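J.: The structure that follows is given in the form of structure tokens.
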Amino acid sequence: MRKYHLLSLISSYCLWILAFAFSLVLLGAISRSTQNIFSEKVNDFQVPRRNTNRIIPSKEKGNPPILAYWIYGTNGDNERIIRLLKAIYHPRNRYLLQLDSGASDQERESLALFVQSENVFQAFDNVDVVGKSYAINEIGSSVVAATLHAAALLLKINSDWDWFITLSAADYPLMTQDDLLHALTFLPRNLNFVRYNASRWKERQTANRIVIDPSLYNKKSSPIMYSVETRHTPEAFTVFGGSPWVILTREFMEYCIQGWDNLPRRLLMYISNVIYPLESYFHTLLCNSNLFKNTTILNDDLSYTLWDSTFEISQLLTISHFDQLMSSTGTSAFARPFEANDPVLDKIDVTILNRTRKGFVTGEWCNSVSDHENEKESKKKLSSSLLDDELSCQSWGSIDIVKPSSIGVNLEVFLTKLAQINTLFGSSICSKDNSNDDLSI
């Protein structure tokens with residue numbers, strides 16, 4: 001009896017082990033299946049399958065840099081993002097497009113399908129769409145989290161770029177990419193473009209006020225919550241502020257993401273309760289890091305913006321501002337904000353970008369006219385396409401050669417002067433005069 005009872009126990013135990021093992025196998029299969037479905041979705045949208053036959057830009061000395069653009073928008077911004085993308089497209093660069101949770105899944109999929117269906121993007125394989133959606137509040141810390149996420153994705157996709165540029169759907173270029181790439185070619189790749197403005201920053205701050213951005217934990221963008229509690233000025237670092245629009249180096253963005261000395265993470269925790277944190281995070285980090293302060297900052301954001309007298313709202317740029325926009329083309333690469341399909345955008349397309357209504361800004365990379373067409377015929381074709389359909393590239397040219405206009409040459413002169421000023425007076429940018437020590441945030 002004892003022997004039979006022992007065999008029964010062993011048999012039951014073996015059956016239990018077998019059932020448990022089968023459950024593990026089943027769970028593993030389900031897990032792998034779910035993971036594969038999710039991976040396919042991510043591959044299709046967030047990090048698409050790479051084209052192994054794409055043309056690789058040369059990184060040899062003297063060649064133009066590679067720019068990494070993050071373009072973000074919300075509900076109804078698909079067409080604006082597409083128009084902006086075509087206006088700033090160049091095969092050397094990388095582009096990451098993102099719609100926040102205000103946009104529908106259909107809008108996100110439509111944007112991704114547009115990227116997948118465009119022959120130029122398929123050939124050069126340098127445009128990606130973020131598949132996940134989350135809330136972004138432009139005056140809260142959620143926009144800083146989104147910016148860092150975009151930089152991390154661009155580093156993961158390919159880290160061959162030199163500068164990181166953030167644009168919204170309301171932005172538009174004031175020069176071609178050939179002009180911008182030409183001007184940046186002659187600069188050291190370690191220079192960050194950040195405009196410091198202590199006075200305007202202080203005007204936009206509420207002393208000692210602590211805020212909470214619910215968009216960090218809500219699915220949809222939510223209004224900022226203001227706390228009755230206050231806090232003192234930090235002692236571990238000095239706070240700086242200025243324009244929220246920046247052009248930052250890959251090296252600095254790697255530092256922001258990896259944070260090997262922990263300052264980026266500590267500062268990120270602090271600014272999560274600050275209003276307009278995008279106007280202080282990168283500015284403060286640059287000026288408090290021994291690796292980047294004094295020698296790697298150009299006090300300019302290469303952007304044209306008109307602020308109202310209260311420094312709270314940037315004025316919408318319209319056709320009435322066109323002359324002002326034209327006069328800033330030698331010092332500003334971008335302008336903001338514009339209404340969708342405002343007539344001034346059409347005028348910028350024709351006058352500055354030489355862009356077709358639905359097409360790309362062509363350059364040396366795009367042979368839009370065949371060798372058999374004479375100059376008169378090509379000009380006639382271009383004039384017609386500006387009014388009608390997009391001008392297609394008949395063959396690919398060199399992506400390592402840029403042909404600047406006078407705007408690009410003027411920007412080159414301007415940036416050269418900025419770099420010289422940085423060499424002589426770079427340490428003054430992170431001085432007490434530009435800090436916010438007298439303002440408790």
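J.: Could you check how many residues of the range 84-107 are farther than 14 Å from Val127 by Cβ, touching a strand residue (DSSP E or B) at 6+ places or on another chain (Cβ under 8 Å) and touching a residue at least 40 places away in the same chain (Cβ under 8 Å)?
T.: 1
J.: Looking only at the range 185-230, count how many residues are within 21 Å of Thr305 (Cα to Cα) and at pLDDT 85 or above.
T.: 5
J.: Considering (1) among the β-branched types (Val, Ile, Thr); (2) within 30 Å of Trp161 (Cα to Cα); (3) crowded, with 17+ Cβ neighbours inside 10 Å; (4) modelled with pLDDT of 95 or more, say which one Thr362 fails and leave the rest.
T.: Failed condition: (4).
J.: Looking at the range 177-195, which of its residues are surrounded by fewer than 24 Cβ atoms within 10 Å (Cβ to Cβ) and aromatic (Phe, Trp, Tyr)?
T.: The answer is Phe186, and nothing else.
J.: Out of the residues in the range 108-126 that are surrounded by fewer than 23 Cβ atoms within 10 Å (Cβ to Cβ) and touching a strand residue (DSSP E or B) at 6+ places or on another chain (Cβ under 6 Å), which is farthest from Leu184 (Cα to Cα)?
T.: Ranking the candidates gives Arg108 first.
J.: When you scan the range 217-231, how many residues do you find that are outside any strand (DSSP E or B) and of a type in the set (S, T, N, Q)?
T.: 3
J.: List pairs: first in the range 330-345 and more than 12 Å from Leu174 (Cα to Cα), second in a strand (DSSP E or B), Cβ under 7 Å, 6+ apart or cross-chain?
T.: Pro337/Ser314; Pro337/Leu317; Phe338/Tyr172; Phe338/Leu317
J.: Working carefully through the options Thr351, Thr356, find the one that is more than 24 Å from Val246 (Cβ to Cβ) and either touching an Asp or Glu at 6+ places or on another chain (Cβ under 8 Å) or charged (D, E, K, R) (or both).
T.: Thr356
J.: Output the residue which, of all residues in the range 314-336 that are of a type outside the set (S, T, N, Q) and crowded, with 17+ Cβ neighbours inside 10 Å, is nearest to Leu181 (Cα to Cα). Can you show your working first?
T.: First pass over the range 314-336, keeping only residues of a type outside the set (S, T, N, Q): 316-317, 319, 321-323, 325-326, 330, 333-336.
If we keep only those that are crowded, with 17+ Cβ neighbours inside 10 Å as well, we get 317, 321, 325, 330, 333-336.
Values: Leu317: 25, His321: 26, Leu325: 20, Gly330: 14, Ala333: 11, Phe334: 13, Ala335: 17, Arg336: 20 Å.
Among them, the one singled out is Ala333.
The values are calculated or read from the model by the stated rules, or taken from the named source; none is laboratory data. Predicted, not measured: the structure shown is a model, and the values here were computed from it. All Cβ positions, even for glycine, are placed from backbone atoms using ideal geometry, and neighbour counts span all protein chains on display.
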